[in-house]
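To keep things clear, I will list the structure first and then write my remarks on it.
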Amino acid sequence: MSLNQVELKKIIQKAEDSCIESGGRLTVKRKNVLMALLSTDMPQSAYEIASYYKETFNEAIPVMSIYRMLKFLVKESLVHKLSSTKKYVACSHIACNHSHKVPQFLICDQCHQVSEVGVQKEIIDALQISVENADFYLNSPELELHGVCRDCHKLSYS
Ligand SMILES: [Zn+2]
Ligand SMILES: [Zn+2]
Ligand SMILES: [Zn+2]
């Protein structure tokens with residue numbers, strides 16, 4: 001995400017508020033991990049976050065701790081984990097006031113950029129019913145769709 005300082009400040013403030021509301025706390029370290037994800041559109045692995053952390057905040061954090069912090073951020077819906085790639089992205093709706101639809105992720109297989117789009121609950125409900133009818137149980141209703149983003153599509157078809 002290309003965010004300016006004002007937008008970033010607003011997002012962090014919202015994130016702090018929503019943690020307090022749910023009884024958690026956005027500690028400095030958790031906040032820095034969130035900042036690492038907010039600084040890019042590319043999904044990041046815990047290892048990539050750990051090295052970004054070291055470079056940016058001048059502190060070495062064990063990858064295990066990064067995982068724990070990511071788990072907290074995912075629980076708070078501030079970060080999403082992409083199961084198909086085992087990487088993490090910041091939620092693009094942290095600063096929004098409207099209620100969060102079920103997130104769906106469009107993953108570009110060429111540049112690996114991810115965008116988050118909301119899907120109507122009715123569509124997910126219908127999907128869930130047809131999945132259950134096939135005697136299958138979903139771990140998560142989030143969809144991850146692989147394809148090509150606009151920029152990469154332009155490049156390959158121009
Ligand atoms: Zn989200
Ligand atoms: Zn939104
Ligand atoms: Zn792309």
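Here, each number is a calculation from the coordinates, and none is a lab measurement. Quick caveat: nothing in here was measured; it's all calculated off a predicted structure. All Cβ positions, even for glycine, are placed from backbone atoms using ideal geometry, and neighbour counts span all protein chains on display.
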FRET efficiency for Asn139 and Glu55, using Cβ-Cβ distance with R0 set to 22 Å, rounded to 0.05: 0.05
Inter-part distance where the stretch 74-90 and the stretch 3-23 are each reduced to a Cα centre, Å: 17
Simple label model, 7 Å out from Cα along Cβ direction - Lys154 to Val28, nm: 4.2
Cysteines having no other Cys beta carbon under 4.7 Å from their own, within the chain: Cys19, Cys91, Cys96, Cys111, Cys152
The chain, relative contact order in percent, only Cα pairs under 8 angstrom and at least six apart counted: 19
Highest-fluctuation residue, Ser115, Ser99, Ser84 considered, GNM on the chain with Cα pairs under 10 Å: Ser99
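Of all the C-alpha pairs in the stretch 46-158, what % are more than 17 Å from each other?
Tail of P(r) above 17 Å: 66 percent of Cα pairs.
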Computed label-point distance, nm, for sites Val63 and Leu127 using a 7 Å Cα→Cβ extension: 3.0
Cα gyration tensor shape of the stretch 101-158, rounded if a/c is under 1.5, else prolate or oblate by comparing a/b with b/c: prolate
Anchor Lys121: lysines whose Cα lies under 19 Å away (excluding residues fewer than 8 positions away in-chain): Lys101
Inter-label distance, nm, simple model (7 Å from Cα along the C-beta direction), Lys9/Ser39: 2.0
Eligible aspartates and glutamates near Lys75 by straight Cα distance, threshold 19 Å, same-chain separation 8 or greater: Glu16, Asp17, Glu21, Glu116, Glu142, Glu144
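Roughly speaking, what % of Cα-Cα pairs in the stretch 1-56 are separated by over 15 Å, rounded to a whole number? Display every interim value, and only then the final one.
Working: 780 of 1540 pairs.
For the stretch 1-56, the fraction of Cα-Cα distances above 15 Å is 51 percent.
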